[in-house]
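J.: Sharing a structure below in structure tokens format, with a few things to ask.
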Amino acid sequence: MNLLLVLSALLAVANSASPPCPVCGVADGKFYAFDFSALPNTTFRLDGVHSMSYWVAQPCMNAIPPSGECEDVGGPALQQLGDSVTANRALVPCIPLGKLSGSTSTAVAAGGKGINITMTSGPEYPCGSQNFRTLRFVMVCDATAPADNPPSTVVEAPSCTYTVTWSHPSACGSVAASCAHPAPPAPPPAPPCELCNPKWKPTWSMPRSTVLMACNDSGFHDVNEAIKYGVVVYDWSNAKQIWANTKPMDDEALLTKQAEMVLAADPGIPGEQPRVWVYRNSIKALNWYGSVREKLDDPAYAGWFVRFKDYKGPASNHSYHVPACTYEKCSGFYHDQEQTPEHPHGDGSCTDECDCGQAPCGEYIFDHRNASFRDWFINEYMITSETIFHKPISIGLGWIDDSMTLNGPTEEDKNFIEDTGSSAQDMKDHVAAYRANMYAFYSKLVSLGGWAWQLIQSHGPGLKGLTTDKCVESLHAWCQNNTTNWRTAAVYQVRPTDTPDSMYQSTVEFLLTRGPYAWLGYGWVGCSSSPRPRPAEWDVEYGTPENACQETGPGTGIFARDFPKATVTYDCNTQSGKIVMK
């Protein structure tokens, strides 16, 4: 893919002074020296297609996006992934395109009229079929360019190779007697990510490291299954047939009740992870939640919800791609019924007319642009006495669903922009306000000892199906004490349809590569009243390992990790592993 980008914004952030950035090379049989400390001390944003953005700083700096824009992962150029892959992600993932701590080379243009600086990322950021990305700064000598001249373009060609073109007077080299700096000095490591791991004490207990995202839409979930897992996460659809027929509905209250049932049976361990996590939606105002309905029905809070374009009461019912009215109830606030309880049948079936208060039941949309909305959203809807401040035992926040994108809310009717009359600038403002509010929310949540599924950024190495070489390369990256792969919390997921052997191999991979904050189990796999398969290996205590896994010998392709009560091995040659109890 060839992505030609145009500069859309200049964002001066981070460093108080430009770091030294000498580099040199050879051309025409001569040494040429360059000093890029004269480049702007700025992180530049370059917007591209597919909602992707790039953040670029000078070669000796770490690009530092504004708070909330993306994870701080280090490197002079970062790719910020687009909306299509960041829905339901707390932090917009950023990938370093290259690092000076990796493989670096330079090539000087004739007469010292520019220099190319090439660097690669590490194996922890694979791309396509290769285990790295390549970043090339093409520094073009232009003595007439202003001192604050920004980079002009980023091009990805061929795939996984990114070229930043930058014209600047500092790219005009001077003849030198020798070459003391054949590569630019590496910047300091990126600071610890504040939103990458929870603040609570980690657990290495295998049973308490299992997770179940649970949902029984016909009634309450079986507490006896819930307490087998270290963490149980409840979806909004849990007990749906009960709350959908309550007048008015209050899904929120029944989620709290379900959590309290589990906590009564097993409160968890003080100081460790919250035992039960519950669902909230970050962009859809679901009025079967009592706290949302209260605000939606109160005219004083009308500015907190997005409106239909030119709504004129019941006469507008058929003016949009979605109905404004249901039975005798109408609302000028935009809503659809994509996943909504309805009579006689919907996503939740009401025995008679559904009751969500004064307005029709529907998926309304929060307007994060409203300044007064933020405080309620964070402190009365997300972080409340029914979640983090629940007494006597805290209830965690789990699946923080959906997001606002430039194309509209995720999992909402595709005609949202047309039906609300939103302009391109309106959508940019929606996205910017949403991201700012979510960053503020997650920052406060983590500072209070909370967490959420969307903050989990890793899913393990994914050994299944890798070739022997790729398996070895991957495990060399994971089998390091304090590997960067442990920088973020991880969930290793299985599915109910997995075979017993597949479940066993997933357990091997988990034990072999997990860090301090990691879970093994079920993500979202739908609602069911039947228990999920649970391998016997999940109920064994293996103890806390002293070290990461290691290759048993040079070139063996076999990796092992020693636990106090077991040894776990994985053979990349046969794509199989085993747990041997001591």
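The values are calculated or read from the model by the stated rules, or taken from the named source; none is laboratory data. No experiment lies behind these values; they were computed from the predicted model shown. We place every Cβ from the backbone using ideal geometry, glycine too, and count neighbours over all the protein chains shown. Accessible surface is based on the protein model in full, side chains and every heavy atom, while ligands, DNA and RNA are left aside. Shrake-Rupley method; radii C 1.70, N 1.55, O 1.52, S 1.80 Å.
J.: How many of the residues making up segment 485-513 are farther than 26 Å from Asp235 by Cα and buried (at least 17 other Cβ atoms within 10 Å of the Cβ)?
T.: Qualifying residue count for the region: 10.
J.: Further question: Which residue, of Ser53, Ser16, is of a type in the set (Gly, Ala, Ser), open to solvent by less than 60 Å² (accessible area, probe 1.4 Å), within 33 Å of the chain's Cα centre (by Cα) and at pLDDT below 90?
T.: Exactly one of Ser53, Ser16 is of a type in the set (Gly, Ala, Ser), open to solvent by less than 60 Å² (accessible area, probe 1.4 Å), within 33 Å of the chain's Cα centre (by Cα) and at pLDDT below 90, namely Ser53.
J.: Being assigned to a strand (DSSP E or B), polar (S, T, N, Q) and either within 27 Å of Ala433 (Cβ to Cβ) or in contact with a strand residue (DSSP E or B) (Cβ under 9 Å, 6 or more places away or on another chain) (or both), is that true of even one residue in segment 362-379?
T.: No; the residues of segment 362-379 include none that is assigned to a strand (DSSP E or B), polar (S, T, N, Q) and either within 27 Å of Ala433 (Cβ to Cβ) or in contact with a strand residue (DSSP E or B) (Cβ under 9 Å, 6 or more places away or on another chain) (or both).
J.: Mind listing whichever residues of segment 27-47 are out of contact with any Ser or Thr (no Cβ under 9 Å at 6 or more places or on another chain), in contact (Cβ under 8 Å) with a residue 24 or more places away in the chain and surrounded by fewer than 20 Cβ atoms within 10 Å (Cβ to Cβ)?
T.: Start the filter on segment 27-47 by keeping residues that are out of contact with any Ser or Thr (no Cβ under 9 Å at 6 or more places or on another chain), which leaves 27-30, 42-44.
Checking the rest, the ones that are also in contact (Cβ under 8 Å) with a residue 24 or more places away in the chain come to 27-28, 30, 42-44.
Listed by number, the residues that qualify are Ala27, Asp28, Lys30.
J.: Please go through segment 269-290 and give me each residue that is β-branched (Val, Ile, Thr) and in contact with a Phe, Trp or Tyr (Cβ under 9 Å, 6 or more places away or on another chain), ordered by number.
T.: Val276, Val278, Ile283
J.: In addition: For Cys330, state whether it is within 24 Å of Met404 (Cα to Cα) and either at pLDDT 95 or above or under 31 Å from the mean Cα position of the chain (by Cα) (or both). Spell out the reasoning first.
T.: Numbers: within 24 Å of Met404 (Cα to Cα): no; either at pLDDT 95 or above or under 31 Å from the mean Cα position of the chain (by Cα) (or both): yes.
Answer is no for this residue.
J.: Just the residues that are at pLDDT 90 or above, open to solvent by 10 Å² or more (accessible area, probe 1.4 Å) and either farther than 17 Å from Gly29 by Cα or in contact with a helix residue (DSSP H, G or I) (Cβ under 8 Å, 6 or more places away or on another chain) (or both), please, taken from segment 162-185.
T.: Thr163, Thr165, Ser167, Pro169, Ser170, Cys172, Gly173, Ser174, Val175
J.: Additional query: Which residues, counting only those in segment 403-431, are of a type in the set (A, V, I, L, M, F, W, C) and in contact with a strand residue (DSSP E or B) (Cβ under 9 Å, 6 or more places away or on another chain)?
T.: Within segment 403-431, Met404, Phe416, Ile417, Met427, Val431 qualify.
J.: Same structure again: Could we say that Ala244 is buried (at least 24 other Cβ atoms within 10 Å of the Cβ) and either within 30 Å of Phe416 (Cβ to Cβ) or small (Gly, Ala, Ser) (or both) here? Step through it out loud before you land on a result.
T.: Values: buried (at least 24 other Cβ atoms within 10 Å of the Cβ): yes; either within 30 Å of Phe416 (Cβ to Cβ) or small (Gly, Ala, Ser) (or both): yes.
Against the criterion (buried (at least 24 other Cβ atoms within 10 Å of the Cβ) and either within 30 Å of Phe416 (Cβ to Cβ) or small (Gly, Ala, Ser) (or both)), Ala244 qualifies.
J.: Would you be able to say whether some residue in segment 546-556 is in contact with a helix residue (DSSP H, G or I) (Cβ under 6 Å, 6 or more places away or on another chain), at pLDDT 95 or above and either within 30 Å of Asp222 (Cβ to Cβ) or aromatic (Phe, Trp, Tyr) (or both)? Working first, answer last.
T.: The first filter runs over segment 546-556 and keeps only residues in contact with a helix residue (DSSP H, G or I) (Cβ under 6 Å, 6 or more places away or on another chain), leaving 549.
Going one step further and asking which of them are at pLDDT 95 or above, we end up with 549.
With either within 30 Å of Asp222 (Cβ to Cβ) or aromatic (Phe, Trp, Tyr) (or both) added as a condition, the list becomes none.
No: zero hits.
J.: Residues Ser502, Ser506: which one is assigned to a helix (DSSP H, G or I), polar (S, T, N, Q), over 25 Å from Ile365 (Cα atoms) and touching a Phe, Trp or Tyr at 6+ places or on another chain (Cβ under 9 Å)?
T.: From the options Ser502, Ser506, the qualifying one is Ser506.
J.: Hey, another quick one. Please state which of the following conditions Val292 fails to meet, knowing it meets all the rest: (1) in contact with a strand residue (DSSP E or B) (Cβ under 7 Å, 6 or more places away or on another chain); (2) assigned to a loop (DSSP other than H, G, I, E, B).
T.: Result: Val292 passes all but (2).
J.: For segment 344-361, which residues satisfy the criterion of being surrounded by fewer than 24 Cβ atoms within 10 Å (Cβ to Cβ), assigned to a loop (DSSP other than H, G, I, E, B), on the phi < 0 side of the Ramachandran plot and out of contact with any Phe, Trp or Tyr (no Cβ under 8 Å at 6 or more places or on another chain)?
T.: Those that are surrounded by fewer than 24 Cβ atoms within 10 Å (Cβ to Cβ), assigned to a loop (DSSP other than H, G, I, E, B), on the phi < 0 side of the Ramachandran plot and out of contact with any Phe, Trp or Tyr (no Cβ under 8 Å at 6 or more places or on another chain): Pro344, His345, Gly346, Asp347, Cys350, Thr351, Asp352, Asp355, Gln358.
J.: Within segment 56-67, work out how many residues are crowded, with 20+ Cβ neighbours inside 10 Å and modelled with pLDDT under 70. Give the steps one after another, and end with the answer.
T.: Going residue by residue through segment 56-67, those that are crowded, with 20+ Cβ neighbours inside 10 Å are 56-65.
Filter again for modelled with pLDDT under 70, leaving none.
The total comes to 0.
J.: Kindly state which strands (runs of 3 or more DSSP E) lie completely within segment 128-238 and contain at least 2 residues that are hydroxyl-bearing (Ser, Thr, Tyr), touching a residue at least 24 places away in the same chain (Cβ under 8 Å) and in contact with a Ser or Thr (Cβ under 9 Å, 6 or more places away or on another chain).
T.: Passing ranges, in order: 161-168.
J.: Based on this model, can you work out whether Trp451 counts as touching a residue at least 12 places away in the same chain (Cβ under 8 Å), crowded, with 20+ Cβ neighbours inside 10 Å and under 21 Å from Cys549 (Cβ atoms)?
T.: no
J.: Got at least one residue in segment 140-149 being crowded, with 23+ Cβ neighbours inside 10 Å and either out of contact with any strand residue (DSSP E or B) (no Cβ under 6 Å at 6 or more places or on another chain) or at pLDDT 75 or above (or both)?
T.: No.
J.: Sort out which residues of segment 247-271 are within 22 Å of Arg208 (Cα to Cα), part of a loop (DSSP other than H, G, I, E, B) and open to solvent by 30 Å² or more (accessible area, probe 1.4 Å), and write them in order of number.
T.: Asp266, Pro267, Ile269, Pro270, Gly271
J.: Going by the conditions given, is Leu463 in a loop (DSSP other than H, G, I, E, B), aliphatic (A, V, I, L, M), in contact with a Phe, Trp or Tyr (Cβ under 8 Å, 6 or more places away or on another chain) and more than 20 Å from Tyr542 (Cα to Cα)? Working first, answer last.
T.: Values: in a loop (DSSP other than H, G, I, E, B): yes; aliphatic (A, V, I, L, M): yes; in contact with a Phe, Trp or Tyr (Cβ under 8 Å, 6 or more places away or on another chain): yes; more than 20 Å from Tyr542 (Cα to Cα): yes.
Considered against the rule, which asks whether it is in a loop (DSSP other than H, G, I, E, B), aliphatic (A, V, I, L, M), in contact with a Phe, Trp or Tyr (Cβ under 8 Å, 6 or more places away or on another chain) and more than 20 Å from Tyr542 (Cα to Cα), Leu463 comes out as yes.
J.: Of a type in the set (Gly, Ala, Ser) and under 27 Å from the mean Cα position of the chain (by Cα): which single residue out of Gly357, Gly408 fits that description?
T.: Gly408
J.: Moving on to the next point. Do you know which residues across segment 514-553 are in contact (Cβ under 8 Å) with a residue 24 or more places away in the chain, outside any loop (DSSP other than H, G, I, E, B) and open to solvent by 20 Å² or more (accessible area, probe 1.4 Å)? Let's see the steps before the verdict.
T.: Let us first name the residues in segment 514-553 that are in contact (Cβ under 8 Å) with a residue 24 or more places away in the chain, namely 514-529, 531-535, 537-545, 547-551.
Of the ones still in play, those that are also outside any loop (DSSP other than H, G, I, E, B) are 518-522, 537-539, 550-551.
Scanning segment 514-553 gives Glu537, Asp539, Gln550, Glu551.
J.: Being more than 30 Å from Asp310 (Cβ to Cβ), open to solvent by less than 40 Å² (accessible area, probe 1.4 Å), at pLDDT 95 or above and of a type in the set (A, V, I, L, M) is true for just one of Ile388, Ile456, Ile393. Which residue is that?
T.: Ile388
J.: Hey, does segment 284-291 have a residue that's surrounded by fewer than 23 Cβ atoms within 10 Å (Cβ to Cβ) and among the charged types (D, E, K, R)?
T.: No - not one qualifying residue is present in segment 284-291.
J.: Can I ask one more? Which residue, of His459, His476, is over 25 Å from Asn370 (Cα atoms) and without any contact (Cβ under 8 Å) to a residue 40 or more places away in the chain?
T.: From the options His459, His476, the qualifying one is His459.
J.: Given the conditions (1) in contact with a Gly (Cβ under 6 Å, 6 or more places away or on another chain); (2) farther than 24 Å from Asn437 by Cβ, and given that Glu328 satisfies all but one, which numbered condition is not satisfied?
T.: Tallying (1) in contact with a Gly (Cβ under 6 Å, 6 or more places away or on another chain); (2) farther than 24 Å from Asn437 by Cβ, Glu328 fails exactly one: (1).
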